[in-house]
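The values are calculated or read from the model by the stated rules, or taken from the named source; none is laboratory data. What you see is a predicted model, and the numbers here were worked out from it, not measured in a lab. Here the Cβ positions follow ideal geometry from the backbone for every residue, glycine too, while neighbour counts run over all protein chains shown. Heads up: the accessible areas ignore ligands, DNA and RNA and are worked out on the full protein's heavy atoms, side chains in. Shrake-Rupley method; radii C 1.70, N 1.55, O 1.52, S 1.80 Å.
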Protein chains: 2
Amino acid sequence: MAAISLGLDFGTESVRAILVDTTGRQRGIGSCQFAHGQLTDTLPGSQVPLPTGYALQHPDDWLDAAAIATQSALHAAGSDGDDVVGIGVDFTSCTMLPTDREGTPLCQLPQFRDNPLAWPKLWKHHGAVAQTDRLNAVARQRDESFLQRYGGTIGLEWLLPKILETIESAPEVAASADVWLEAGDWFVWQLVGGPAEQLTRSTCQAGYKGLWSASEGYPSDAFLRAVDPRLAEAVAHRLPGILRAPGEAAGNLTEPLARRLGLRGGTPVSTAIIDAHAAVPGVGEAAAGTLVMVLGTSSCHMLNAIEPRTVNGVAGMVEGGILPGLVGYETGQAAVGDAFAWLRRLLGLESFDTLANEAMKLPPGADGVRCLDWMNGCRTPLMDATVRGQFTGLSLQHGPAHLYLALMEASAFGLRWIVELLREGDVPVERFVATGGLPHHNRHIVEVYADVLNAEIEVHPSQHGPATGAAVLGMLAAGSQASGFQSIAEAATAMAGVAPEQRDIVRPRSGRAQAYQTLYADYRRWADVVQTW
Amino acid sequence: MAAISLGLDFGTESVRAILVDTTGRQRGIGSCQFAHGQLTDTLPGSQVPLPTGYALQHPDDWLDAAAIATQSALHAAGSDGDDVVGIGVDFTSCTMLPTDREGTPLCQLPQFRDNPLAWPKLWKHHGAVAQTDRLNAVARQRDESFLQRYGGTIGLEWLLPKILETIESAPEVAASADVWLEAGDWFVWQLVGGPAEQLTRSTCQAGYKGLWSASEGYPSDAFLRAVDPRLAEAVAHRLPGILRAPGEAAGNLTEPLARRLGLRGGTPVSTAIIDAHAAVPGVGEAAAGTLVMVLGTSSCHMLNAIEPRTVNGVAGMVEGGILPGLVGYETGQAAVGDAFAWLRRLLGLESFDTLANEAMKLPPGADGVRCLDWMNGCRTPLMDATVRGQFTGLSLQHGPAHLYLALMEASAFGLRWIVELLREGDVPVERFVATGGLPHHNRHIVEVYADVLNAEIEVHPSQHGPATGAAVLGMLAAGSQASGFQSIAEAATAMAGVAPEQRDIVRPRSGRAQAYQTLYADYRRWADVVQTW
């Protein structure tokens, strides 16, 4: 029997468990909603309303739901758990929490039960606006070098703003927080046990959300002190553990957790990874040079490379950030599926089905209608949440189909801009793979992407890319003896790749691709004007 | 019994006759469709298709329909015609035709019956594209001073391009054209008779559509020769007559025409006026300083002033162009009702009724959505048919109501730009009167106009502004003895004005007007950037 790996994919509302064997066969799948969902109105057992922008979670949900989902997947696979050789975990990020030295979440201590800031903060918790502003102001004033890796801006949803929010707003909680950590790292710690000093932190979460890098570590004590001496103290003493890349083993499953999940004690567990980033191994891509485009409400485009390069406008460059031994680049577009849903509602349509036929018959350039799809700001390359969307070139002869094509073209031009920036920055981009929900709901957008990139795009069939990616990482953590794989590339290809003859390829149409050369140049000149104005 | 004047208002499809007395009472109204309508497909009695862009009319229709409409109005008024002391005529423009020396339209001569270019060309006839291009090219190359009065561009629908089209495409017709003239002038000539040398041409039509001015006359022989020597010959010898302002008497009704219309022979007839321009006296405004805004699918804003001024970007400045003794300025916005209808269709709406409530509750500036309403180009001040519309500042939180308010604001900003240009050019603008169909269908747009102008706007109740204006001009032509009016202002106020206590005034709301000061400044900076880019 081929060895099996378990991938646990933690989303915002639920966890999915997938069992994939070394041949890529999906042996079983299960999922479970979190009992408390997102805590945005009140804490459990309380009537006190939470402030606006709060989004918390219940740590019990993670273990409870993971146990149910795993047992459900094992049942579907007809497995007693003995053939599961590794476990991988992907998690939303930065979802984070404070614990004591033993890893007990502070919200589970009686004295902090009613304090919202003792609870895990979900990635979308927006309570740290003032703290983010101050971190950015001080970093810019001091011209901190780490800013270059993040496009010049520390995000509202990242780790240090969330820690600082608690330090300032609930100092009694912060004083008791022996350990601050990402929820993905906390979950892995729960699985493998051990002292806080040896807990495994993921280079992925630390690199993309924690301002950490392999060469520079966390931001300097001097910078942190200039923000708040208590933050400097927290970073120095309350982030214990060892940094490891996803796919590197974090330890072995303890007996109590093994019983709870229905697995074998001692099963190797991989270091955690951010959910979107797990899609890279999840679509079978573990080599340098493939842009994996996770297309959903927003888009995340990830790429591995051999060499680290600082590319202007490319926000997230982390060594070992996605896979061990490779440099992971994360770029993104802030509104994709969201922007299309917005336009559909604006035009008073139930769906784009009818309009799509008309839109796809229009010539490239939508008869002069042009769009900037910055309705939710621009992530890569501008890293500016304040820029806004546009439709220009409008005449009385234009209709809804022109706006629809123009929006597809804007999204494609934004993608090409990212690709060109990477290439100009000496980061090779050689293949394109699309995954996520959107390519399966809206084939047209992938066709426009292919035309504008003038490149083939492979649409990956998986609807469970991140979960599969976590399983690949679990298999890697199991080691070559158990898995038979000598490398991450080998594992990813075998477990999540698509055979060349079965690939679903969208090819550029040469006439349209030709026309888009000029239109893209126009777009870039225009985007530059809009920015400077 | 108060003396009565007849106003004849010639539109594109029909003529309206209105009888208004010196107290402003509307005594009778009648109308009649043109039997042949617009000739766009074939000539009467022919199967030969007309070229694309052709739009001709049948001269018989004008007299036939006017006779029926007048008799219908007289019947409604219970008048035998003896109490009608004057006749005024407004007409579409530049609707023009070639005639022989007696005024017989060439299309009524057997040898030209089947030649489309011998027929009257309707204002919207677009057969002279090449001729217009050449006229503009030569005028620009020679830096002709008359261009300044027209914003730098000779229009496709104007008199000289239409003459040149016939000269080039049907030289045999042009050779027989003893007289080229506007249809309004032709109709007045039919009413009063007399030799061609003494026919009355309107300074309104000649000034706005014929490149004529009181001080410079028609374009110079040298310019015309540079275009085509035959055009120079036509302007020198085939435009006979005497230029008079609307409201000045052109002559007296002949007995044959009196019988045909059911009026008294010898009744004074006013010089013709363009239909839109007749709205100025038609809403009771005959003094300098009132901007009369005719709001329809597009908008025409007319203003009389004491002094002639060359204002950059203000296209039509004609001495005696609207009323005798005053300088008429004509400005316009290319898409108003048209743009709103376009947006309504784009948003998939049957009407704006529901959306309007939501839109009018939004703060000035539509939560950051901005619009340029150039979906049909920009008339004043850019005189550029190639510029296009925009919506910018779009975010996922915006909906149809934001776009609707933004479009109303764009239209209002465009209007304010025109007003400020006039004022900066030392042309006083003191009052605002709105007329046309739009203010009666869409009150909200007038409210936004008032806020943005920070000025009261009077909505004139008349649905027949141009016809009433023609009647005012007819009364003026009748002379003070018959009418009792010593001035055009007196006549316009008495016959078409609204008593102060009955005026429908839309007042600016001070909070919103304040906010629009800043927003307008932003709009102007933005419009400048868009132009230069």
| field | For the protein assembly as shown, calculated [θ]222 nm from helices alone, where every DSSP H run of n ≥ 4 adds -39500 (n - 2.57) | value | -11500 deg cm²/dmol
| message | Taking A:MET1 in one copy and the same position in all the others, each labelled 7 Å out along Cα→Cβ, what are the pairwise distances from the first, in nm, shortest first? | response | 11.2
| Largest first, what is the accessible-area ranking of B:ARG201, B:ARG524 with a 1.4 Å probe? | B:ARG524, B:ARG201
| task | Based solely on C-alpha atoms, express the radius of gyration and the Dmax of chain A in angstrom. | result | 23.1, 70
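Given Cβ point charges of +1 (Lys, Arg) and -1 (Asp, Glu) and nothing else, what value in debye, to the nearest 20, does the dipole of the stretch B:4-275 about its Cα centre take?
Numbers: 21 positive and 32 negative charges, 62 e Å.
The calculated dipole for the stretch B:4-275 is roughly 300 debye.
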| said: From the phi angles alone, apply the Karplus equation (6.51, -1.76, 1.60; θ = phi - 60°) to the stretch B:43-60 and give each ³J(HN,Hα) in whole Hz, x where the residue is Gly or Pro. | reply: 7, x, x, 10, 10, 6, x, 7, x, 4, x, 6, 8, 10, 9, 9, x, 4
| Between A:ALA76 and B:GLU13, what is the spin-label point distance in nm, taking each point 7 Å from the Cα along the Cα→C-beta axis? | 6.4
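How large is the Kirkwood hydrodynamic radius of the stretch B:84-200, counting all unique pairs of alpha carbons, in Å? All intermediate terms of the calculation are to be shown ahead of the outcome.
Working: mean 1/r = 0.0653 Å⁻¹.
Evaluated on the stretch B:84-200, it is 15.3 Å.
With a 1.4 Å probe on protein heavy atoms only, work out how much accessible surface A and B bury together, total over both chains, in Å² to the nearest 100.
Numbers: alone 20260 and 20300 Å², together 38250 Å².
Summing both sides, the interface buries roughly 2300 Å².
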| request: Let me know the mean shielding of B:238-247 by other chains, meaning the per-residue number of their Cβ atoms within 10 Å of its Cβ. | output: 0
| query | With a Cα-only, solvent-free Debye model of the stretch B:1-115, what are the log10 I(q)/I(0) values at q = 0.10, 0.13, 0.15, 0.16 Å⁻¹? | reply | -0.38, -0.59, -0.73, -0.80
| field | Residue mean of other protein chain beta carbons inside 10 Å, A:343-354 | value | 2
| Within straight cross-link reach of B:LYS121, meaning Cα distance under 28 Å, which lysines are found once same-chain residues fewer than 8 apart are removed? | B:LYS162, B:LYS209
| field | A:THR40 long-range amide H proximity, modeled H, under 5 Å | value | A:LEU56
| query | Kirkwood hydrodynamic radius of the stretch A:1-68 from all distinct Cα pairs, in Å? | reply | 13.7
| request: Return a whole-number percent for the relative contact order of the stretch B:297-418, with Cα pairs under 8 Å and 6 or more residues apart as the contact set. | output: 24
| If each of B:GLN198 and A:SER176 carries a label point 7 Å out from its Cα toward its Cβ, how far apart are those two points in nm? | 11.0
| field | Residues of type aspartates and glutamates that B:LYS361 reaches as a straight line, Cα spacing below 20 Å, ignoring anything fewer than 8 places off in the same chain | value | B:ASP353, B:GLU409, B:GLU447, B:ASP451
| task | Taking a label point 7 Å out from Cα toward Cβ, give me the nm distances from B:SER351 to the same spot in the other copies, shortest first, one decimal. | result | 3.2
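Which whole-number percent gives the relative contact order of chain A, counting Cα pairs below 8 Å spaced six or more residues apart? Present the calculation step by step, with values, prior to reporting the outcome.
Numbers: 1252 pairs, mean separation 88.4, N = 533.
Here the relative contact order equals 17 percent.
What does the average come to when, for each residue of peptide A:383-393, you count the partner chain Cβ atoms lying within 10 Å of its Cβ? Walk me through the numbers before you get to the answer.
Numbers: counts 0, 0, 0, 1, 2, 9, 8, 6, 7, 8, 6.
The shielding value for this peptide is 4.
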| said: Consider the operator that turns chain B into chain A: which B residue has a Cβ nearest its axis, and what is that gap in Å? | reply: B:GLY348, 1
| said: Rounding to the nearest 10 and keeping the result within 0 to 90°, find how far the Cα-based axis of helix A:510-532 lies from the longest principal axis of chain A. | reply: 70
| Copies compared at B:GLN517 - label distances in nm, ascending, label defined 7 Å from Cα in the Cβ direction | 5.4
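Which percent, nearest 5, of DSSP beta bridges in chain A are antiparallel? Let's see the in-between values first.
Values: 50 of 71 bridges.
Counting only bridges with both partners in chain A, antiparallel ones make up about 70 percent.
Looking at the stretch A:4-275, I'd like the Rg to Rh ratio, where Rg is from alpha-carbon atoms and Rh is Kirkwood's inverse mean 1/r. Spell out each step's value before the answer.
Numbers: Rg = 18.6 Å, Rh = 19.0 Å.
Taking Rh as the inverse mean 1/r over Cα pairs, Rg/Rh reads 0.98.
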| field | Rg ratio (alpha-carbon, reference 2.2 N^0.38 Å) - the protein assembly as shown | value | 1.24
| request: Could you tell me the accessible area of A:SER510 in Å² (1.4 Å probe, neighbours in place), rounded to the nearest ten? | output: 100
| query | How far, in degrees from 0 to 90, does helix A:183-192 lean away from the longest principal axis of the Cα atoms of chain A, to the nearest 10? | reply | 40
